[in-house]
């Protein structure tokens, strides 16, 4: 087991769900943890946990869709700690529904948070990580939905998660050509009990969208199924095991592998997408 004591861990989207679980586990492992999230109340809860455990935690309200805010965040982190050993570009929201009916502002929201939030993290942290002269790893949170074929009503979410997967594969190859020891991994959660299915809570009331009946039924059924999955704390343990093993593909739940194989067989055989396949994913 890797000794993480005293090393620096930066996590976006740490106010709830997977990000909070990762933060709690990193604190347990003795890391200096720096967390950003737009959810100030969530950060306050995390700070209370750190105080009880005497962990080294710093928090900052952060909107990852704002490039300048992420630049300031990175400047602050390096002014405080001088290095980053684990960077989790984890902040994310969920937008579902019929792809042609979802308002364009909702498409912009999920693209700006789930994809551009990762891009902003890479842009403002990776150059510094390459220069710090110590081993480090960038972990971008995608989803099992970023590997599987497009699911009904999941166009906005899966589109950006597929983009994060491809971006991280490119990042891995590009980092391999650079001097230094900075690596990359893509995290693909599946059934983890998080608040992502209630992402609308983070938006002003006038921007919240009411789904159609069939879409809402799908949303609630899948949200309830996911809620029965791993806790964020259980999931974080598995994530760190994968990191310590040097894995690029961080896919703790391998139950979806048969579906992934089916998808690539479908592509290879140039079949039409199945319209009745039921896919459950985080």
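The values are calculated or read from the model by the stated rules, or taken from the named source; none is laboratory data. A quick note: this is a predicted structure, and the numbers were derived from the prediction, not measured. For neighbour counting, all protein chains shown are included, and Cβ atoms are generated from backbone atoms with ideal geometry for every residue, glycine included.
At-a-glance table
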| read-out | value |
| --- | --- |
| Residue under evaluation residue 275, criteria (1) modelled with pLDDT of 90 or more; (2) more than 20 Å from the chain's Cα centre (by Cα), criterion not met | (1) |
| Residue 184 touching a strand residue (DSSP E or B) at 6+ places or on another chain (Cβ under 7 Å), surrounded by 19 or more Cβ atoms within 10 Å (Cβ to Cβ), touching a residue at least 60 places away in the same chain (Cβ under 8 Å) and not in a strand (DSSP E or B) | no |
| Any hit, the stretch 25-45, residues being without any contact (Cβ under 8 Å) to a residue 24 or more places away in the chain and either closer than 20 Å to residue 244 by Cα or assigned to a helix (DSSP H, G or I) (or both) | yes |
| Of all residues in the stretch 242-259 being under 17 Å from the mean Cα position of the chain (by Cα) and either surrounded by fewer than 16 Cβ atoms within 10 Å (Cβ to Cβ) or more than 16 Å from residue 9 (Cβ to Cβ) (or both), the one that is modelled with the lowest pLDDT | 253 |
| Selection status of residue 58, closer than 24 Å to residue 17 by Cα, at pLDDT 95 or above, within 15 Å of the chain's Cα centre (by Cα) and not in a helix (DSSP H, G or I) | no |
| Unmet criterion (only one of (1) closer than 27 Å to residue 190 by Cβ; (2) at pLDDT 95 or above; (3) crowded, with 20+ Cβ neighbours inside 10 Å) for residue 45 | (3) |
| Of the criteria (1) at pLDDT 90 or above; (2) out of contact with any helix residue (DSSP H, G or I) (no Cβ under 6 Å at 6 or more places or on another chain), which one residue 200 fails | (1) |
| Selection status of residue 140, at pLDDT 95 or above and part of a helix (DSSP H, G or I) | no |
| Residue in the stretch 107-130 that is outside any helix (DSSP H, G or I) and either at pLDDT below 95 or in contact with a strand residue (DSSP E or B) (Cβ under 7 Å, 6 or more places away or on another chain) (or both) present | no |
